[in-house]
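The structure appears right after this line, and notes come after that.
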Amino acid sequence: MRPAGMPDLLWEVERDVLVGLLKEWLLFEKSRAQQGLRVARLEQPFGKFDSEERYPPFRIQAGRHTFDFRGRIDRIDVSPDGKRARIIDYKTGTLPETMASASARTPLMSGEKIQIVIYRGALSVLRDFEGLECIEGEYLHLQPKDGQIAVCPFTDEELEQALQALPEMLEVVGDGIEKGTFFLRTRGVVRPSGHCEFCEYLPVCGKDRMQREERKASDPAVQKFLKILEPLQ
């Protein structure tokens, strides 16, 4: 749909880009149709959203903390025998270089990317997917900037290992929430050069955020937080 107030010429350019990206995506899906997986669900919910949608949440017990996750899985592909599935989470924007590299990416990226892992766990509480033996996952980036399709895939084994590591990370997060302890991080594993430009809370941290991050690096609470993320990399 054309945004209100957009000039005719700009809209034509934007529309052409979107149409070109759509064609690339359709060709991509056609090329991998031979893999034997077919779309089974779109926008599959888990957890309660309203009185009409009664799906169980995905629950993680992390020490003394209990986390109930809810969400909607963009797309679930399933094999004809119901034993293999692929979870797809659509993204717009360029795939970060760290996640484009097979040797550098992990499902959790030191706790900075947990969405696909949560979706993997959610299938375990949905009755319609009880017979699955292998669950793969991927972030599927539709990149308007260059009109290309970029895939960031994860194997069943990678997702399973990440699920085993997630409670330990969430326990530290839960302790921090309980005590009101929040750590400033100006850069991370996904964006080593810095991710402040993508953060909506930049004005809260202020211009001296990097200096304050360095000063607090030796704080025992910060050290505990950083140490717990090491196995998740």
Quiz item: Going by average Cβ neighbours within 10 Å, how do the peptides 13-26, 207-220, 147-160 rank, with the highest at the top?
Solution: 147-160, 13-26, 207-220
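Sort 88-95, 179-186 by packing, meaning the average of other beta carbons within 10 Å per residue, with the highest value first. List each step's numbers first, then the result.
Details: 88-95: 15.5, 179-186: 13.2.
The most tightly packed comes first, giving 88-95, 179-186.
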Exercise. Using the charge dipole of the chain (Lys, Arg: +1 at Cβ; Asp, Glu: -1 at Cβ; taken about the Cα centre), state which of His195, Leu184, Pro107 has its Cα farthest towards the positive end.
Key: Leu184
Exercise. Quick one: which residues, 5+ away or cross-chain, put their amide H under 5 Å from the amide H of Phe49? H built at 1.01 Å from N.
Key: Tyr55
Quiz item: Which is farthest toward the positive dipole end of region 34-160 among Pro153, Leu95, Val125, measuring Cα position about the Cα centre, with Cβ charges +1 (Lys, Arg) and -1 (Asp, Glu)?
Solution: Val125
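Over the chain, what number does the Rg to Rh ratio reach, with both radii from the alpha-carbon atoms and Rh per Kirkwood? List each step's numbers first, then the result.
Working: Rg = 20.1 Å, Rh = 20.1 Å.
In the chain, Rg relative to Rh is 1.00.
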Practice problem: Quote the Stokes-Einstein diffusion coefficient, in whole µm² s⁻¹, for region 34-160, based on the Kirkwood radius over alpha carbon pairs, a temperature of 25 °C and a viscosity of 0.890 mPa s. | Solution: 158
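Which pairs in the list Lys113/Lys207; Lys91/Lys145; Lys113/Lys179; Lys145/Lys207; Lys179/Lys224; Lys179/Lys207 are over 20 Å apart, alpha-carbon to alpha-carbon?
Working: Lys113/Lys207 26 Å; Lys91/Lys145 13 Å; Lys113/Lys179 24 Å; Lys145/Lys207 30 Å; Lys179/Lys224 14 Å; Lys179/Lys207 26 Å.
Where the Cα-Cα span goes over 20 Å, the pairs concerned are Lys113/Lys207; Lys113/Lys179; Lys145/Lys207; Lys179/Lys207.
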Quiz item: For the peptides 119-129, 33-43, what is the packing order when you average, over each peptide's residues, the other Cβ atoms within 10 Å and list the highest mean first?
Solution: 119-129, 33-43
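Rounded to the nearest 20 debye, what is the charge dipole size of region 174-218 about its Cα centre when +1 sits on each Lys and Arg Cβ and -1 on each Asp and Glu Cβ?
Numbers: 9 positive and 7 negative charges, 34 e Å.
The dipole of region 174-218 has a size of about 160 debye.
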Quiz item: Hey, got the dipole for region 34-160? About the Cα centre, +1 on K and R Cβ, -1 on D and E Cβ, debye to the nearest 20?
Solution: 240
Quiz item: Just how large is the dipole of the chain about the Cα centre, in debye to the nearest 20, putting +1 at every Lys and Arg Cβ and -1 at every Asp and Glu Cβ?
Solution: 340
Exercise. Set Lys and Arg Cβ to +1 and Asp and Glu Cβ to -1, take the dipole of region 1-69 about its Cα centre, and tell me which of Phe58, Ser31, Val13 lies farthest positive.
Key: Phe58
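No lab work stands behind these numbers, since they all come straight from the coordinates. Predicted, not measured: the structure shown is a model, and the values here were computed from it. Heads up, the Cβs are rebuilt from the backbone with ideal geometry, glycines too, and the neighbour counts pull from every protein chain shown.
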